[in-house]
1. Rounded to the nearest 0.05, what FRET efficiency do residue A:469 and residue A:9 give with R0 = 22 Å and r taken as the Cβ-Cβ distance? Could you check?
2. Counting only other chains, and only Cβ atoms inside 10 Å, what mean value do you get across the residues of B:268-276?
3. Per residue, how big is the convex hull of the stretch A:222-273 when only Cα atoms are used? Give it in Å³.
4. Would you report the distance distribution of C-alpha pairs in chain A as whole percents per 10 angstrom bin, up to the bin with the largest distance?
5. Starting from the coordinates of the alpha-carbon atoms of the stretch B:174-258, obtain the Kirkwood hydrodynamic radius over all distinct pairs and give the value in Å to one decimal.
6. Tell me, what is the FRET efficiency for residue B:233 and residue B:65 to the nearest 0.05, using R0 = 35 angstrom and their Cβ-Cβ distance as r?
7. Enter the Cα centre distance for the pair the stretch A:159-193 and the stretch B:204-245, rounded to the nearest angstrom.
8. What order do you get for A:164, A:387 when you list them from fewest to most C-beta neighbours inside 10 Å?
Amino acid sequence: MQMPAPDARILGRKPAIVARLREVLPADAVIDDPVELRAYECDALSAYRCSPLAAILPRSTAEVAAALKICAAEGVKVVPRGSGTSLAGGAMPSQDSVVLGVARMNRVLEVDHADRIMKVEAGRTNLSVTGAIEQDGFFYAPDPSSQLACAIAGNIAMNSGGAHCLKYGVTTNNLLGVTLVTMAGEVLQIGGAHLDAPGLDLLGVICGSEGQLGVVTEATLRILARPEGARPVLIGFESSEVAGACVADIIRAGVLPVAIEFMDRPCIRATEAFAHPGYPDCEALLIIEVEGAPAEIDEQLALIRTIAGRHSPVEIRESRSEEESRRIWLGRKSAFGAMGQINDYMCLDGTIPVSALPQVLRRIGELSAQYGLEVANVFHAGDGNMHPLILYNANAPGQLDLCERLGAEILTLCVEVGGCLTGEHGVGIEKRDLMGVQFGAADLDAQMRVKDVFDPAWLLNPAKVFPLAASAARRGA
Amino acid sequence: MRPTTEDELAGIIRAATGPLRITGGGTRGLLGEGEPLETGGLTGIVLYEPAALTLVVRAGTPLAEVEAALAAEGQRLPFEPGDMGALLGRNGASTIGGVVATNASGPRRVQAGACRDALIGVRFVDGRGTLIRNGGRVMKNVTGYDLVKLLAGSRGSLGVLTEVAFKLQPIPPASATLILPGLSPARAVAAMSAALGSPYDVTGAAHLPGIGTLIRLEGLAASVGYRVGRLLVALAPYGQAVVERDADAAAALWRQVRDAAPFHGRAGDVWRISVRPSDGPEVAARLGGEVVMDWGGGLIWALYPAGMDARAPLAGIAGHATRVRGGSRDVPALPPEPAAVAALTAGLRAQFDPRAIFASGR
């Protein structure tokens, strides 16, 4: 993975730049000590690390604006950071950049049940957003696996999803407004508590722009009344093809579960050994969750059981209690941990048309054998968002490279069958160089033209998303 | 001009020397002058996978044709796009591209999202004559910037849509509409907020003059029955609701809301105002005339004296107002933007349409 050579002029001006930042920020908000900076050298894509020039932790929109004005004047690159849980390297710094962390901006600014909105500072963690409203029977729907740690700022940057987006959508569908600070230090209000944009949908393009258009400091979120209850059913199958066909039939039948999760045999076995959820030993299993009052849940699950029954399931296990629900979800929720126990792994995030599922799983099996690296599949089957986990040994020379090449082949396959490189993690540095597989030069140029408008000098998180060669002229490289 | 391929369209745009007026069915009142550029030659369903809830369709395809194809498979567009023809006195057939260009979203927007939320892919030719693809045909996609949303509601100001992709929704087997008669706008919004803030998954909440306050439930039959019962109890403080269980009768009511039917054929300008729902009653009070409220009070259709500025009395209320019918040289139809936002908008238009040939959206 290649990063641009750091700008020697900026490295040489480090003391002056840090001094200027200290003029507008409190002493404890500017970090330039090399040891302390190590905390900011990577995100959850920990294979790649680089210490930044400095890190700043402002406490207000005004401080963010003041700091960005200085960085813009100095020509310093800025890497925005939420909680640093990106799996794509979205918050990985370069040596000549300032990391701008919004974690200290975590207040709830407004909750309005009548209007079903909530305004928070963007450093607030995803789970604590729901935590602030759950006693009133409300919740914030997007629920990425990292929700305990990840910040709303990062969710907005990556347009994060989660297990329940089949029904509730991803971040962009639950975001109504932001306070955006541009690289020039200008503070903009985009959207608000109303439901639609007056002109161009700037909010729509800001969400998912990976911190390249501005720094989001506040967000107005749509909140929902929590359903009366939820219950999963676990269904085991003799083959992935049959599981895929069952998913298609359920969707065709007009039931819209909140989640349809899929695991294949390698994943089932690993989680069984790790967390002992008591899963059946089969080729593929689905966990399908439905919501509502008890009678509504019964009605939906009865329909799902009828449909699944036509696909010769190995087992249908319907939860009848909180404890049984917990056990059904236990394996799925510990899948990544279970894999981490066995091996190092790389988690992919491509999306495919649901109809291509059997074909893609078969081809992944062939590629896995060809590369000699095991691949376990766990994913959101309802929307086709796959998370193949490639197992490898980070300490064995050449294995990371081999793993990345296999990953690139699998993601290319996702695009070839009509899907995309990333469904919810983002491009970051990880998939940057594969963008040409999905997009033509004109498609990429159109996206880069948007950045030209928001950040003409290309100082915000510049070496991400677009292949370095494609963005070189704009970055002045 | 009526291109039948993307290449032909791109050629026309590259060769254009003056403004072009992009025209689908001509039913949505998009503004501007120039040589007509019709999308009616770019039609047809490209891909429809009912089991994946996915549709890809060329932009000039009539909305009615899209809806019929989906209905044949028991599916629909989730966002319930309206038909503005009768309101605006136009006879054309609305196209799916026009729906996207105006982000047309009806009553179900409160639960299922807007057009922009169901839109998962676009192909368009920008003002430079370049074909651009963004998004795709899968529901979850964060690969690169989301130009799909930027194009939704862009009123033809960035490019000509040639192909659009949607995620779909199965048509639920049952529905019911609760009708609360005689509420003031303030009480109506309170009732709608109570319903929308309940766990009963309300898919429409509107206030229709002369009819009442409408709350819609959809889903499996037993579930709808259960939720009707619970909402009757929860909404008891607002009066005794009548339950409309006849699907056709209920659909007709929701079409009236969706298309602002009470204002069809009546004198005066029509404004569409978007605010936070709890400000809805204040908007209604300040405008003084007749209003239809949708989205739980967050969307207000107002009949207002011809040529008058409905924005002036609404000063201080956050949100925006667009005049959808009528005209006045002195009052712009589209809401003015704060200077910093307007600069970004202008910058984007300059990037995608540097020669300013797409006058229709401005």
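1. 0.45
2. Going residue by residue through B:268-276 and averaging, the value is 3.
3. Cα-based convex hull of the stretch A:222-273, divided per residue, equals 139 Å³.
4. With a bin width of 10 Å, the distribution comes to 4, 20, 29, 26, 16, 5, 1, 0.
5. One over the average 1/r among Cα pairs gives 12.5 Å for the stretch B:174-258.
6. So the FRET efficiency works out to roughly 0.25.
7. Here the answer is 31 Å between Cα centres.
8. Ordered from fewest to most neighbouring Cβ atoms within 10 Å, A:164, A:387 come out as A:164, A:387.
Coordinate-derived values only; no laboratory data. The shown structure was predicted, so the numbers you read here are calculated from the model rather than taken from an experiment. Cβ atoms come from the backbone with ideal geometry, glycine included; neighbour counts cover every protein chain shown.
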